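Here is the structure we will look at.
The values are calculated or read from the model by the stated rules, or taken from the named source; none is laboratory data. Everything quoted here is computed from the prediction, not taken from an experiment. Cβ atoms come from the backbone with ideal geometry, glycine included; neighbour counts cover every protein chain shown.
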Amino acid sequence: MPKKTAVWKANRDSPVVPSSAVLLLTSDGRLIVQVGGKEISLITDSFGIFRLKMQDDGNLVQYPVQTTDAGPYAYYATNTDGAGNNITLNLDDDGHLYMLNSTFSIKNLTKGGHPRERTLYLMKIDVDGILRVYSHYLNQQNSSVIWSSTDDRCTPKGLCGLNGFCIKLDDKVKCVCLPGFDFVMPGNSSAGCERNFTAQTCRLKEKTSKYYAMRTVDNTKWEDIS
């Protein structure tokens, strides 16, 4: 990683908070911004929103947190189910990432063969939910991605929270809310979206009834996991 590299900036895409705002580190490890005793922004979430699980059937799967281990919630899998319940995930010093049972390798996630001299390799789940392997060159003080679980940054489920969805803007992604919804916590799109209107009755006998307009969201893929 280059020297003097900015790795984090507070609430970059939202207006500066008022002078009465308080930065608070909670007892459960979250860093939040409060105004008037009310939480208005989550800066860090100690629990994260994604998880990687080595299942009993030998399949390595990524899910959002607070979901069951069911196929509809999975967004990445090695498809090694049936390989047994003694599988391990291993990262060698040449960048070789692979799955191994008690006797032999069952799947290579990376080929390996990368330089060992003054080079470190790191595997992690990034904040966007994608599993990546990095090579860090000590001489050059920089890092590069040598493998990722997906090239589509909208793939991770739960990235945009309830009532939010992911859109692609060139090489970047952005979370937006459904029409009629706003972010629950500006600056933390993973918290999802909530209605920005008051629900009205739709029974025709009441004089205050209003007709609802259904708005389409073009070029969007919907999934039913109920």
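Quick look at the values:
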{"quantity": "Residues that are under 16 Å from Met99 (Cβ atoms) and crowded, with 18+ Cβ neighbours inside 10 Å, drawn from the range 59-80", "calculated": "Asn59, Leu60, Val61, Gln62, Tyr76, Thr78, Thr80"}
{"quantity": "Counted residues, the range 119-146 - those being within 29 Å of Asn188 (Cβ to Cβ) and in a loop (DSSP other than H, G, I, E, B)", "calculated": "5"}
{"quantity": "Qualifying position, being without any contact (Cβ under 8 Å) to a residue 12 or more places away in the chain and more than 13 Å from the chain's Cα centre (by Cα), among Asp126, Asp151", "calculated": "Asp151"}
{"quantity": "Options Cys175, Cys160: the member that is surrounded by 12 or more Cβ atoms within 10 Å (Cβ to Cβ) and either assigned to a loop (DSSP other than H, G, I, E, B) or in contact with a Lys or Arg (Cβ under 6 Å, 6 or more places away or on another chain) (or both)", "calculated": "Cys160"}
{"quantity": "Number of the condition not met by Ser190 [criteria: (1) modelled with pLDDT under 90; (2) in contact with a helix residue (DSSP H, G or I) (Cβ under 7 Å, 6 or more places away or on another chain); (3) not in a loop (DSSP other than H, G, I, E, B)]", "calculated": "(2)"}
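Rundown of residues vs (1) farther than 20 Å from Gly48 by Cβ; (2) surrounded by 14 or more Cβ atoms within 10 Å (Cβ to Cβ), yes/no style:
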site: Gly82; (1), (2): yes, no
site: Ile87; (1), (2): yes, yes
site: Ser102; (1), (2): yes, no
site: Ile106; (1), (2): yes, yes
site: Thr110; (1), (2): yes, yes
site: Gly113; (1), (2): yes, no
site: Val133; (1), (2): no, yes
